[in-house]
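For reference, the structure discussed in these notes is given below.
The values are calculated or read from the model by the stated rules, or taken from the named source; none is laboratory data. Bear in mind that the values here come from a model prediction, so they are computed numbers and not experimental data. Cβ placement follows ideal geometry from the backbone for every residue including glycine, while neighbour counts extend to all protein chains displayed.
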């Protein structure tokens, strides 16, 4: 998080990221925050109390950042639980989340999290795909990266975020750079022409063609 585009954005104070270790809120000196599931079954389940206390601490930090009183109520704080049981994360969601002033990301582990605390604090259940990981940390980083690049000023060229894959339900057109000829393969002539209208037309057609070839599901029910 401290390198590349996101790292520079943090340095410029365009965004800030705070990590909270749930183990710091364990009720025992060993930092244990999981226990056996009621009803039996494999694995361990994260306990509700340490997670809830972590959540309250996150709200405290948000109040301090906003200059609010300690007892002032916070409403509508998006709290996202990263889980394979959630809605699949898409660019449209990234744009929606990027409008929020603050977001809390909850990373699960083991066999999951006690359902009661999820019912109390979570506003969104989000998955990054139909597969299972060892924890929610990597999905959280995916979500953070996707959201942060939509914050004004994070990208050197804000237009980049508007022309990329999924920005209009199509995949991005092919990109080329120097040299003009590589391994006997040539850059499409239209891109060298300097004719902006023709270039725009070519890119739109190339984008549609690529989407039809690789992700036809994105075009389902749409006309272009």
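Quick notes
- Inspection of region 114-128 identifies no residue that is loosely packed, with under 15 Cβ neighbours inside 10 Å and more than 21 Å from residue 53 (Cβ to Cβ).
- Residue, farthest from residue 178 (Cα to Cα), within region 188-224, restricted to residues that are part of a loop (DSSP other than H, G, I, E, B) and either in contact with a helix residue (DSSP H, G or I) (Cβ under 8 Å, 6 or more places away or on another chain) or at pLDDT 95 or above (or both): 224
- Residue count for region 75-85, restricted to those that are assigned to a loop (DSSP other than H, G, I, E, B) and loosely packed, with under 13 Cβ neighbours inside 10 Å: 2
- Residue identified as modelled with pLDDT of 90 or more and within 21 Å of residue 13 (Cα to Cα) among 150, 118: 150
Residues checked against (1) outside any loop (DSSP other than H, G, I, E, B); (2) in the same structural domain as residue 15 (by the TED database); (3) surrounded by 12 or more Cβ atoms within 10 Å (Cβ to Cβ):
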position: 93; (1), (2), (3): yes, yes, yes
position: 101; (1), (2), (3): no, yes, no
position: 111; (1), (2), (3): no, yes, yes
position: 139; (1), (2), (3): yes, yes, yes
position: 144; (1), (2), (3): yes, yes, yes
position: 165; (1), (2), (3): no, no, yes
position: 169; (1), (2), (3): no, no, yes
position: 174; (1), (2), (3): no, no, yes
position: 177; (1), (2), (3): no, no, no
